[in-house]
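Okay, so here's the structure we're looking at.
The values are calculated or read from the model by the stated rules, or taken from the named source; none is laboratory data. All of these numbers come straight from a predicted model, not from anything done at the bench. Note that we place each Cβ from the backbone using ideal geometry, even for glycine, and neighbour counts take in every protein chain shown. When the accessible area is computed, the model is the full protein with side chains, heavy atoms only, and any ligands, DNA or RNA have been set aside. Shrake-Rupley method; radii C 1.70, N 1.55, O 1.52, S 1.80 Å.
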Amino acid sequence: MKKKIAVIGSGFGGLAAANRLAAVGHDVHLFDKRDKLGGRAYQYEIDNFKFDGGPTVITAPYIFDEIFQLAGKKREDYFELVPLDPFYRIFDEKGNHFDYRHQLNDMLTEIDKWHPADKKGYVKFVNQTKKLFEKLHPYTDQPFLSFSRMLKIMPDVIRFYGWQATYAFVSRYIKHPFLRRVFSFHPLLIGGNPFNTPALYTLIVQFEKEWGVHYAKGGTGKIVQALGQLLEDIGGTIHLNSEIKEIVIRDKKVTGIKWADDSYEPFDIVVSNGDVSFTYAHLIHKQYRKKWTDNRLNRLRYSNSLVVIYFGTRRRYLDSGLHHHNIIVNSRYKELLRDVFKRVTLPNDFSLYLHMPTITDSTIAPEGHESFYVLSLVPHMDAGVDWDSIGQEYRERVLMFLEDNYLPDLRENIVALHHIDPPHFQNTLNSYKGAAFATQPSLLQSAYFRPHSKSEEFENLYFVGAGTHPGAGVPAVLSSGKIAANLIDQS
Ligand SMILES: Cc1cc2nc3c(=O)[nH]c(=O)nc-3n(C[C@H](O)[C@H](O)[C@H](O)COP(=O)(O)OP(=O)(O)OC[C@H]3O[C@@H](n4cnc5c(N)ncnc54)[C@H](O)[C@@H]3O)c2cc1C
């Protein structure tokens, strides 16, 4: 039966859910408070540069393809994906790099340059992650509404050491200290500290191996645009600059949504792609919440936040030794991560990811110019940092580090500049504590233990996005959209 459905939020989770629901005939309305679609994948357009705001590593294209197929369309007609290899160029503190490649043999050649004795261990590591992947991948687009489903996966998680912290798991196979970092960094892509995120999330390693790492021509923003276009092509309606202030509940049922001016619209179903904790804390009156009380929300462990600096230069940096995706690891790696995740204090030094997309796609910058973004791990808002007063200085320090080590004369060549920080995550993206990736992917906050895709308390309320199963990252939030759409279909 055709239902009138509100999707709050146009991140990849919201876009996936909205398209899937519209494709099977529902009357779908997608709302976002911002002036453009995408959420964390918002694309900034500044002085003829296009800067992808967030996700840049695109894997598992089949998940996009499925959405377009369901709508009777072809993904290739909407956007083009280009495979990248190496996936990542990872620099140690002295500026030496490891190229993280797609094929096993290429990886072994790289390991040979660093520590040949680790080649055998690497093959074992890959085989072990493959076993975890084979067992767990089928659950990445299935809901975890009951504990019995959790019990189903636990024997394999235990048997294949999926419970062990990623860094410790990698260290079973790899001995070289830098290579241990190289093969254990993936939790950072989803807001987890490699030193305590369970190895079951090495699933991501296998996602990349199975389907590659891709770049969308025109940037990730092009994918966002395509999903918005698809939604309109199949009859969905997009409402931008539209911030929902309340999900209205009566008798444990959602009846509709409200805006700040108190206007109200009834809906049969509401899907929230807003951060789950923020949605519970700010969109649903306290008096109705028995499970996700303010206390309980506050007790969850939240991921790190980020400072991301987008900058365009009037010169190219093709001779810099940088690649498309660069990771710059700090010598104080473990301690820095402890500061960010556990002690929740701002370190003086940084661990960086540097994106240089113009090396693959010159169309996103004016001719002869280079486009970058640099991302630095910082703690969430509980650290109490006054970003308004130190933001500028912090940005300067990061740019100076890049100028001194990778990009000569950087600051005098910058012609476009913008940055986001923890207050942006909190106030613009409505993320609880300004966390960049919602709740941390710890064992006790995964699968059944993560806030559920279907509200445990209110009928007709569903969640998609990083705060629910399977978690943060583009493939995961797209899958959360599939899970919610299927649950709605079955309801
Ligand atoms: C800098 C950065 C880099 C990343 N890099 C990668 C990467 O390379 N690869 C990868 O796979 N993942 C990456 N991630 C993670 C990935 O981007 C996110 O997990 C994912 O995009 C989150 O999608 P989402 O569906 O949770 O929605 P979000 O992107 O969080 O969007 C939620 C939307 O809801 C809207 N909203 C919230 N509340 C309301 C309201 N009340 N009314 C109306 N609208 C509202 C917000 O405006 C926002 O647009 C990165 C994240 C960041 C921050």
Checklist outcome for this item: Filtering the stretch 412-425 for residues that are in a helix (DSSP H, G or I) and either within 11 Å of the ligand (Cβ to nearest atom) or open to solvent by less than 60 Å² (accessible area, probe 1.4 Å) (or both) leaves a count of 5
Next on the checklist: Test of understanding: among 119, 113, which residue is closer than 19 Å to residue 322 by Cα and open to solvent by 40 Å² or more (accessible area, probe 1.4 Å)?
Outcome noted: 113
Next on the checklist: Could you go through the stretch 22-36 and let me know if any residue there is touching a residue at least 40 places away in the same chain (Cβ under 8 Å) and closer than 30 Å to residue 315 by Cα.
Outcome noted: yes
Item to check | Where residue 457 falls short, out of the listed (1) assigned to a loop (DSSP other than H, G, I, E, B); (2) farther than 21 Å from residue 284 by Cβ; (3) at pLDDT below 95 | outcome: (2)
Checklist entry - Restricted to the stretch 215-270, and to residues that are within 18 Å of residue 474 (Cβ to Cβ) and β-branched (Val, Ile, Thr), which residue is nearest to the chain's Cα centre (by Cα)? => result 220
Next on the checklist: If I go through the stretch 233-274 residue by residue, how many of them are open to solvent by 70 Å² or more (accessible area, probe 1.4 Å), within 16 Å of the ligand (Cβ to nearest atom) and out of contact with any helix residue (DSSP H, G or I) (no Cβ under 9 Å at 6 or more places or on another chain)?
Outcome noted: 5
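To keep it simple, each residue is scored yes or no on (1) open to solvent by less than 10 Å² (accessible area, probe 1.4 Å); (2) more than 16 Å from the ligand (Cβ to nearest atom); (3) in contact (Cβ under 8 Å) with a residue 24 or more places away in the chain.
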{"residue": "410", "(1), (2), (3)": "yes, yes, yes"}
{"residue": "438", "(1), (2), (3)": "yes, no, yes"}
{"residue": "446", "(1), (2), (3)": "yes, no, yes"}
{"residue": "449", "(1), (2), (3)": "no, yes, yes"}
{"residue": "453", "(1), (2), (3)": "yes, no, yes"}
{"residue": "465", "(1), (2), (3)": "yes, no, yes"}
{"residue": "471", "(1), (2), (3)": "yes, no, yes"}
{"residue": "483", "(1), (2), (3)": "yes, no, yes"}
{"residue": "488", "(1), (2), (3)": "yes, yes, yes"}
Checklist outcome for this item: Screening 161, 201 for residues that are free of Cβ contacts under 8 Å to residues at least 60 places away in the same chain and either touching a helix residue (DSSP H, G or I) at 6+ places or on another chain (Cβ under 7 Å) or over 30 Å from residue 490 (Cα atoms) (or both) leaves only 161
Checklist entry - Of all the strands (runs of 3 or more DSSP E) wholly in the stretch 1-75, which have at least 1 residues that are within 9 Å of the ligand (Cβ to nearest atom) and buried (at least 23 other Cβ atoms within 10 Å of the Cβ)? => result 4-8, 27-31, 49-52
Next on the checklist: Give all pairs with beta carbons closer than 9 Å in which a residue from the stretch 275-290 that is touching a residue at least 40 places away in the same chain (Cβ under 8 Å) and away from the ligand (no atom under 16 Å from the Cβ) meets a residue that is acidic (Asp, Glu) and open to solvent by less than 90 Å² (accessible area, probe 1.4 Å); count only pairs at least 6 apart in sequence or on separate chains.
Outcome noted: 288/457; 289/457; 290/457
Next on the checklist: All but one of (1) open to solvent by 30 Å² or more (accessible area, probe 1.4 Å); (2) out of contact with any helix residue (DSSP H, G or I) (no Cβ under 6 Å at 6 or more places or on another chain) hold for residue 476; state the number of the condition that does not hold.
Outcome noted: (1)
Checklist entry - Do we find a residue being more than 18 Å from the chain's Cα centre (by Cα) and among the aromatic types (Phe, Trp, Tyr) anywhere in the stretch 7-27? => result no
Checklist entry - Would you pick out the residues in the stretch 336-365 that are open to solvent by less than 40 Å² (accessible area, probe 1.4 Å) and farther than 25 Å from residue 85 by Cα? => result 336, 337, 339, 340, 341, 344, 347, 349, 350
